[in-house]
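Okay, structure first, notes after.
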Amino acid sequence: MNTPFHGLLATTLLGRNAGPAVGWAAFAGGIAPDVPAAIFYGWYCLLGGHTGIEIWEEKYIGNGWDLVSDLTHSIVLAGLLVSIAAWRRWWPVAAFAGGAVLHGLLDMVTHAEHAHRHLLPLTEWRLITPFSYWNRAQGAAFLLAAEGVALTICAVVCWRRYRHPAPRAGIVILLLWAVYWVASGRAFFQT
């Protein structure tokens with residue numbers, strides 16, 4: 001699943017009747033697990049001139065970046081933070097961590113052989129599924145279509161929920177980014 005979708009889904013599911021602070025926190029938590037990978041990709045692609053395949057197949061694995069990314073995708077760590085935040089009634093923090101949990105759960109079933117270790121620090125185990133959000137040979141076209149439908153539903157729900165221009169502008173930007181991502185062919189790394 002693509003990063004902006006994670007944020008909008010978390011906002012849709014966790015931001016209901018909670019006010020804008022919780023909605024923004026849920027969005028931030030939904031995208032937070034991918035921040036280390038975005039920094040990593042930007043570093044090697046924009047500054048280093050490497051291709052996507054070089055970055056993900058050669059630079060990412062075994063250089064510490066995969067561990068950082070796995071820790072930010074840890075359902076165990078995010079779930080612990082949800083529990084503590086809910087106990088303390090820190091609702092924006094609970095929404096942030098809840099967004100990260102949702103992100104991890106979706107990624108768990110859509111990363112095929114490139115799965116994260118979602119149960120760190122308890123175990124190094126990875127759930128290897130036959131589905132990949134980026135590889136057409138592993139169902140990426142179907143997943144992208146399903147994500148598009150879900151993204152549209154989330155956008156409509158959030159549009160109706162948040163009347164202020166700032167969230168609405170964010171929704172439009174996310175939708176335009178999604179259209180660009182698909183139209184440019186960047187949604188698939190392997191054909």
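A compact table of results
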| quantity | calculated |
| --- | --- |
| Test result for Val101, of a type in the set (Val, Ile, Thr) and in contact with a Gly (Cβ under 7 Å, 6 or more places away or on another chain) | yes |
| 1 or more residues in contact (Cβ under 8 Å) with a residue 40 or more places away in the chain and under 13 Å from His103 (Cβ atoms): qualifying helices (runs of 4 or more DSSP H) within the range 1-50 | 3-14, 20-31 |
| Any chance Gly98 is crowded, with 20+ Cβ neighbours inside 10 Å, of a type outside the set (S, T, N, Q) and part of a helix (DSSP H, G or I) | yes |
| Only listed residue being loosely packed, with under 12 Cβ neighbours inside 10 Å and of a type in the set (S, T, N, Q), chosen from Thr129, Thr110, Thr123, Thr152 | Thr123 |
| Residue pairs meeting the criteria (Cβ under 9 Å; at least 6 apart or on separate chains; first closer than 13 Å to Leu127 by Cα, in the range 67-81; second part of a helix (DSSP H, G or I) and β-branched (Val, Ile, Thr)) | Ile75/Val101 |
| Ser74 buried (at least 16 other Cβ atoms within 10 Å of the Cβ), of a type in the set (S, T, N, Q), out of contact with any Phe, Trp or Tyr (no Cβ under 7 Å at 6 or more places or on another chain) and modelled with pLDDT of 95 or more | yes |
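The values are calculated or read from the model by the stated rules, or taken from the named source; none is laboratory data. Values in this document were obtained by computation on a predicted structure and should not be read as measured data. Cβ: placed from backbone, ideal geometry, glycine included. Neighbour counts: every protein chain shown.
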